1. Taking the condition touching a strand residue (DSSP E or B) at 6+ places or on another chain (Cβ under 7 Å) and assigned to a helix (DSSP H, G or I), does L12 pass?
2. Being of a type in the set (V, I, T) and not in a loop (DSSP other than H, G, I, E, B) is the filter; apply it to the range 77-113 and report the residue that is surrounded by the most Cβ atoms within 10 Å (Cβ to Cβ).
3. Cβ-Cβ under 8 Å, sequence separation 6+ or interchain: first residue in the range 224-243 and closer than 15 Å to K185 by Cα and of a type in the set (G, A, S), partner at pLDDT 95 or above and open to solvent by less than 10 Å² (accessible area, probe 1.4 Å). Which pairs?
4. Mind telling me which of the residues D184, D133, D123 ends up being modelled with pLDDT of 95 or more, part of a helix (DSSP H, G or I) and within 28 Å of the chain's Cα centre (by Cα)?
5. Could you tell me which numbered condition E113 fails, if it satisfies all but one of (1) under 55 Å from the mean Cα position of the chain (by Cα); (2) over 22 Å from K60 (Cβ atoms)?
6. So K6 clears everything in (1) surrounded by 13 or more Cβ atoms within 10 Å (Cβ to Cβ); (2) closer than 30 Å to L115 by Cβ except one condition, right? Which one?
7. Being under 27 Å from V234 (Cα atoms), without any contact (Cβ under 8 Å) to a residue 24 or more places away in the chain and open to solvent by less than 90 Å² (accessible area, probe 1.4 Å) is the filter here, so list the residues in the range 17-46 that pass it.
Amino acid sequence: MGDEKKTLLEQLIKLSKVDSSLAGIFAEKKRMEKTLAELASEFKKADQERQGKKKTYEEKKNRYQKEEKRLRDEQEKLVSRRKALTTLNNYKLQQAAEKEIEHASRQLGNQEEVLLGTLEEVDSLSSEVDKLDKEVQSFKERYSLLVGEQKETLVNLEQREQELQEQRLALVSGIDARSLGLYDKVRERFPMDAVAALKDSSCSGCYMQVGPQVVVQISRGDSLVRCPGCGRIVYLETEQAGA
């Protein structure tokens with residue numbers, strides 16, 4: 001292989017490794033964003049459920065309190081009516097009034113049983129709201145913790161990214177425009193490994209077994225060679241072991 005092509009291939013191998021690391025950093029950033037977005041979505045969903053449950057609880061509690069007050073007022077009226085019975089001198093009127101009072105008392109009793117059922121619903125809703133309050137608070141704490149962790153990770157990633165970008169600029173400056181254009185075209189499809197080694201005549205990118213003519217073409221070193229299967233730029237692993 002000619003020294004010029006050998007040097008070019010070495011540069012492209014190094015560039016591919018740098019770009020692979022940069023792609024990994026980009027993927028890690030996207031993963032972090034996705035994780036944060038998913039947690040934020042879960043928090044929003046839990047908070048909406050809590051708000052809905054809390055609204056239902058408040059409405060049910062208000063209805064209970066109004067009904068409780070109404071029944072209490074009705075009970076007080078019955079007590080006053082029973083006291084007033086002693087003032088009636090007419091026996092028939094007194095008997096009729098007692099029947100009305102007993103009937104009203106039974107109705108109030110039935111309504112009080114219904115009210116007790118409502119109270120159980122209010123208590124159950126209160127417990128659910130408390131549970132959702134704790135769940136939402138847990139999401140807040142987890143979100144805050146994750147944001148803190150990601151800030152520290154992002155600082156390290158951005159520092160590493162800057163170092164890699166500087167390395168990339170240095171490498172790119174030594175590669176001719178035509179070869180770089182070919183490399184960038186391949187990298188669009190394979191950002192993690194635009195340049196792949198041939199291992200036992202197989203592309204390490206797509207694992208396709210290449211023919212002997214490809215190996216001969218690489219050995220001649222008069223041009224960059226691409227895998228006939230995937231299109232990656234390929235090289236002989238033994239020749240570039242130290243690259």
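1. On the way: touching a strand residue (DSSP E or B) at 6+ places or on another chain (Cβ under 7 Å): yes; assigned to a helix (DSSP H, G or I): yes.
It is true that L12 is touching a strand residue (DSSP E or B) at 6+ places or on another chain (Cβ under 7 Å) and assigned to a helix (DSSP H, G or I).
2. First, the residues of the range 77-113 that are of a type in the set (V, I, T): 79, 86-87, 101.
Checking which are not in a loop (DSSP other than H, G, I, E, B) leaves us with 79, 101.
Numbers: V79: 11, I101: 17.
Taking the candidates together, the pick is I101.
3. G231/V186
4. Just a single option satisfies the conditions, and that option is D133.
5. Just one mismatch for E113, condition (2).
6. So K6 meets the others, but not (2).
7. A27
Per-residue answers, yes or no, for (1) open to solvent by less than 30 Å² (accessible area, probe 1.4 Å); (2) closer than 16 Å to V18 by Cα:
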| site | (1), (2) |
| --- | --- |
| E158 | no, yes |
| V214 | yes, no |
| R226 | no, no |
| L236 | yes, no |
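The values are calculated or read from the model by the stated rules, or taken from the named source; none is laboratory data. Small disclaimer: the values here were computed from a predicted structure and weren't measured. Methodologically, a virtual Cβ is constructed for each residue, glycine included, from the backbone with ideal geometry; neighbour enumeration extends over all protein chains shown. Just the protein is used for accessible areas: all its heavy atoms, side chains included, with ligands, DNA and RNA removed. Shrake-Rupley method; radii C 1.70, N 1.55, O 1.52, S 1.80 Å.
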